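Participant: Okay, here's the structure, questions in a sec.
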């Protein structure tokens with residue numbers, strides 16, 4: 001009884017010091033993130049959690065932290081009310097803070113209390129705009145499929161090239177998740193299964209290139225891929241991987257050869273699209 005009374009009085013006396021614009025619905029946050037081309041920052045908390053209350057007061061309410069939150073959709077979820085979501089994302093203790101994309105996949109995660117300074121540094125690398133990814137992110141949200149997952153993974157890889165080291169790592173992790181999803185959703189008895197599987201495998205190599213795993217990419221290319229076996233829709237990605245490897249290895253002759261192949265392919269694609277116009 002005494003424990004219940006204590007909890008009752010804590011609940012009455014405590015109201016979280018929230019940054020402006022906090023949402024409390026995952027679905028609403030997801031739609032807002034996709035509409036506004038933003039990431040989601042999620043704070044799992046509870047009224048009875050002492051470190052959560054301290055973090056509300058000292059960190060989330062900090063002026064510099066709130067300036068960075070303007071770039072995110074901010075979502076605060078009570079673990080006692082959102083048990084299913086906490087089970088999906090949570091690690092069993094709170095506070096638990098995540099940065100997600102608009103489709104709910106994880107870029108970064110921190111378990112436990114953060115000071116204002118630490119929270120500021122946690123958020124800072126991901127103060128970005130995602131307009132470049134709008135079409136692919138929405139397509140995946142409307143219809144998750146192998147095709148939309150591949151397209152979004154490729155877009156994340158492209159986007160990561162202009163980011164700082166920490167943000168690049170997060171977005172490449174996202175690309176990895178969508179590559180795995182594309183494989184999970186692949187229908188094995190579909191007509192385009194071999195070509196689509198090949199694209200997924202090549203995209204995985206493109207991801208390794210961005211992670212600077214050059215030896216691994218070179219080994220897999222030699223072992224698993226020959227130009228004669230690459231389908232026409234995958235040639236551009238195949239040539240790009242070889243060209244990037246040649247550049248990394250300082251092989252000017254190979255680099256020139258693969259660049260010529262890329263240019264010829266681009267010219268052929270341009271002529272084909274021109275001829276198909278009414």
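Participant: Compute the long axis of helix 165-185 from its Cα atoms, compare it with the longest principal axis of the Cα atoms of the chain, and write down the angle in degrees, 0 to 90, nearest 10.
Facilitator: For helix 165-185, the angle is close to 70 degrees.
Participant: With runs of 4+ DSSP H residues as the only contributors, calculate the mean residue ellipticity of the chain at 222 nm using -39,500 (n - 2.57) per run, divided by the residue total and rounded to the nearest 500.
Facilitator: Estimated from H runs of four or more residues: -18500 deg cm²/dmol.
Participant: Enter the per residue convex hull volume of the chain, computed from alpha-carbon coordinates, in Å³ rounded to the nearest integer.
Facilitator: 169
Participant: Using the alpha-carbon atoms, what tilt in degrees (0 to 90, nearest 10) does helix 2-13 show relative to the longest principal axis of the chain?
Facilitator: Around 70 degrees separate the two axes.
Participant: What fraction, in whole percent, of alpha-carbon pairs in region 135-275 exceed 27 Å separation?
Facilitator: The share of Cα pairs beyond 27 Å in region 135-275 comes to 23 percent.
Participant: Round to the nearest 10 and give me the degree value, 0 to 90, for the angle of helix 26-36's Cα axis relative to the longest principal axis of the chain.
Facilitator: Rounded to the nearest ten degrees, it is 50.
Participant: From the square roots a ≥ b ≥ c of the eigenvalues of the alpha-carbon gyration tensor of region 61-120, which class results: rounded (a/c under 1.5), prolate (a/b over b/c), or oblate?
Facilitator: Prolate.
Participant: Right, something else. What is the packing order of peptides 160-170, 223-233, 58-68, taking the mean over residues of other C-beta atoms within 10 Å and listing the highest first?
Facilitator: 58-68, 160-170, 223-233
Just so you know, all these numbers are worked out from the coordinates, no wet-lab data involved. For clarity, every value in this text was computed on a predicted model and none was experimentally measured. We place every Cβ from the backbone using ideal geometry, glycine too, and count neighbours over all the protein chains shown.
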